[in-house]
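Working notes, beginning with the structure itself.
The values are calculated or read from the model by the stated rules, or taken from the named source; none is laboratory data. Keep in mind it's a predicted model, so treat the numbers as computed, not measured. FYI the Cβ positions are ideal-geometry reconstructions off the backbone, even for glycines, and counts take in every protein chain you see. For accessibility, only protein heavy atoms count, side chains too; no ligands or nucleic acids. Shrake-Rupley method; radii C 1.70, N 1.55, O 1.52, S 1.80 Å.
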Amino acid sequence: MSESSNVPPAQPARAAIWKRVVAVILDFFTVFYLGGLAIGRVTGGVSGGSFDLSGMPALVLFALIAVYFYVCRRHLGGTLWDRIFRIARPQPE
């Protein structure tokens with residue numbers, strides 16, 4: 001048996017902190033704006049290119065943001081901006 005079979009796979013190099021911070025901020029604003037527009041259209045809270053959500057639609061938007069980050073990072077290997085900045089996320093086993 002060779003020794004190389006006992007060596008764990010190498011972890012990808014961590015991305016620069018500025019890339020990780022900018023990716024999170026851009027992901028938040030992207031999902032906030034697109035999700036807000038989508039929920040606003042359904043609930044009638046859209047006027048022009050902006051939206052006004054309060055009460056339950058606002059809670060649904062924040063739940064959507066939380067689900068986006070959870071699903072993308074945990075199950076899809078990274079968010080939209082993680083992929084654009086080529087930030088490798090280690091997958092849980």
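Rundown of residues vs (1) at pLDDT below 90; (2) of a type outside the set (S, T, Y); (3) on the phi > 0 side of the Ramachandran plot; (4) open to solvent by 50 Å² or more (accessible area, probe 1.4 Å), yes/no style:
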site	(1), (2), (3), (4)
N6	yes, yes, no, yes
R14	yes, yes, no, yes
W18	yes, yes, no, yes
V21	no, yes, no, yes
L34	no, yes, no, yes
L37	no, yes, no, no
M56	no, yes, no, yes
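Are there any pairs with C-beta distances below 6 angstrom linking a residue in the range 16-33 that is within 14 Å of R89 (Cα to Cα) to a residue that is among the hydrophobic types (A, V, I, L, M, F, W, C) and assigned to a helix (DSSP H, G or I), with the two at least 6 apart or on different chains, and if so which?
Going by the 6 Å Cβ cut-off, the qualifying pairs are A23/W81.
For the range 58-93, enumerate the residues that are outside any helix (DSSP H, G or I) and open to solvent by 70 Å² or more (accessible area, probe 1.4 Å).
Within the range 58-93, L76, R86, P90, Q91, E93 qualify.
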